[in-house]
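Structure record follows, encoded as structure tokens.
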Amino acid sequence: MIRLRKNVLFVILMTILALFLFNCEGPAGEDGTDGVDGSNGTAGVNGVDGVDGNVTCLVCHADENLQMKRHEFAISQHAVGDIAVGYAGGRAGCAACHSHEGFVAFTEGFTAHNISNPSPWECGTCHGLHQTFEAEDYALRTTDAPAIWDGGNFLLKGTNYLDVQGNSNLCANCHQSRRAEPNITNPGATFNITSTHYGPHHGAQANVLAGVGFAEIAGSIAYPTAGSANHITASCTGCHMYEGDHGFNPSLLACNTCHGATDTDFNYGGVADEMADLLEELRDLLIAKGVIEEGIEDLFELDEETGDIVQVQLSEGYHPVVGEHPMVLAQAFFNWVGLAEDRSLGAHNPKYYKALLKNSIDAVNAL
């Protein structure tokens, strides 16, 4: 047996290994999979780290931005205590829209109940927990099509839901009629108005926008298909919260951008003037028919020039006359008061608005 010295054996082995590495290389393998980039502060896996999560939060929560939103909201009608709380904030049937606590409870599915210490609306009234934590996440409490608040006992063109699409559905929970038109609740030849407060809820804007819920008296002008108004796609938020404005005033710039116009007011094509004239015409007809009357409050004030106490009459606006009325007059009143308190003078849905007013006027004149 031939014995090799250890150092000789080591040299031989290293030589064989070198020949293998340099002369026996196989084909190159496929490239490995790219690393995964992170997002919102999550580190990537062999990739690029994601953007700091705090940057996304600061889109809304930066002190300057948050204070601006709070200031805008503070001067809006939604922040007026008398509207939000004073009259109805604690009442079970009203609190869901007239107090912060009521709306939060409503969106979370709690049964309506009286609230002993209601408070006005605030940021957390509409904005709940975050959903995606992305910059576009506005975290609204609900964007589902809202149920019609009459308890689901009547159908409006085949649906018990009022869908004005997307974020605007949050608004529609409160800005709806809450009462069906007379011929649906009590069909017949006549209708008994039992209260001077009868009529749709103050602010049925969602019904006007969607084109549902008013008294569609047959007439010369056809009613548009429900949900066909172009302004539904423009949305409540698109017009009233343009560029994130929380003052909720309609934006003329938003309207001009959508219409491709350069108007200096909201009277596009004279529509607002036309609708104002029709509202006044219908009101005067209903007064003449004894369906509505102007409420007058007698006040006594000090005349600073003479020092005498003088009687002053102050108009309280118009209200229905309690009693039995022909159905068409009750329907015409329902349309008049609901459209007047919509306060858009047709802007929310001009075709529906005009059809309701013109057909109501013609029907009243026909009596």
Review point. Which residue out of ALA347, ALA330, ALA340 is of a type in the set (A, V, I, L, M, F, W, C), surrounded by 16 or more Cβ atoms within 10 Å (Cβ to Cβ) and not in a helix (DSSP H, G or I)?
Key: ALA347
Practice item. Tell me which residues, restricted to the stretch 329-343, are aliphatic (A, V, I, L, M) and more than 15 Å from THR185 (Cβ to Cβ). Key: LEU329, ALA332, VAL337, LEU339, ALA340
Point to revise | Options GLU324, GLU304: the member that is of a type in the set (D, E, K, R), closer than 24 Å to ASN365 by Cβ and in the same structural domain as ILE193 (by TED's automatic domain parsing) | key: GLU324
Review point. Could we say that ALA254 is of a type in the set (Gly, Ala, Ser) and closer than 26 Å to ASN183 by Cα here?
Key: no
Exercise for review: Report yes if SER177 is within 22 Å of ALA355 (Cβ to Cβ), hydroxyl-bearing (Ser, Thr, Tyr) and either in the same structural domain as ALA96 (by TED's automatic domain parsing) or out of contact with any helix residue (DSSP H, G or I) (no Cβ under 6 Å at 6 or more places or on another chain) (or both), otherwise no.
Suggested key: no
Practice item. Would you kindly identify the helices (runs of 4 or more DSSP H) lying entirely within the stretch 155-251 that contain at least 2 residues that are of a type in the set (Ser, Thr, Tyr) and at pLDDT 95 or above? Key: none
Check your understanding: Quick one: in the stretch 265-297, which of the residues that are assigned to a strand (DSSP E or B) and in contact with a strand residue (DSSP E or B) (Cβ under 6 Å, 6 or more places away or on another chain) is surrounded by the most Cβ atoms within 10 Å (Cβ to Cβ)?
Key -> ILE292
Exercise for review: With respect to ALA254, determine if the residue is farther than 23 Å from VAL337 by Cα, crowded, with 17+ Cβ neighbours inside 10 Å, small (Gly, Ala, Ser) and without any contact (Cβ under 8 Å) to a residue 24 or more places away in the chain.
Suggested key: yes
Review point. Hey, does the stretch 154-162 have a residue that's surrounded by fewer than 21 Cβ atoms within 10 Å (Cβ to Cβ), of a type in the set (A, V, I, L, M, F, W, C), more than 14 Å from the chain's Cα centre (by Cα) and assigned by TED's automatic domain parsing to the domain that holds LEU339?
Key: yes
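The values are calculated or read from the model by the stated rules, or taken from the named source; none is laboratory data. What you are looking at is a predicted structure, and each value in this text was computed from that prediction instead of being measured. Using ideal geometry, Cβ is built from the backbone for each residue, glycine included, and neighbour counts are taken over all protein chains shown.
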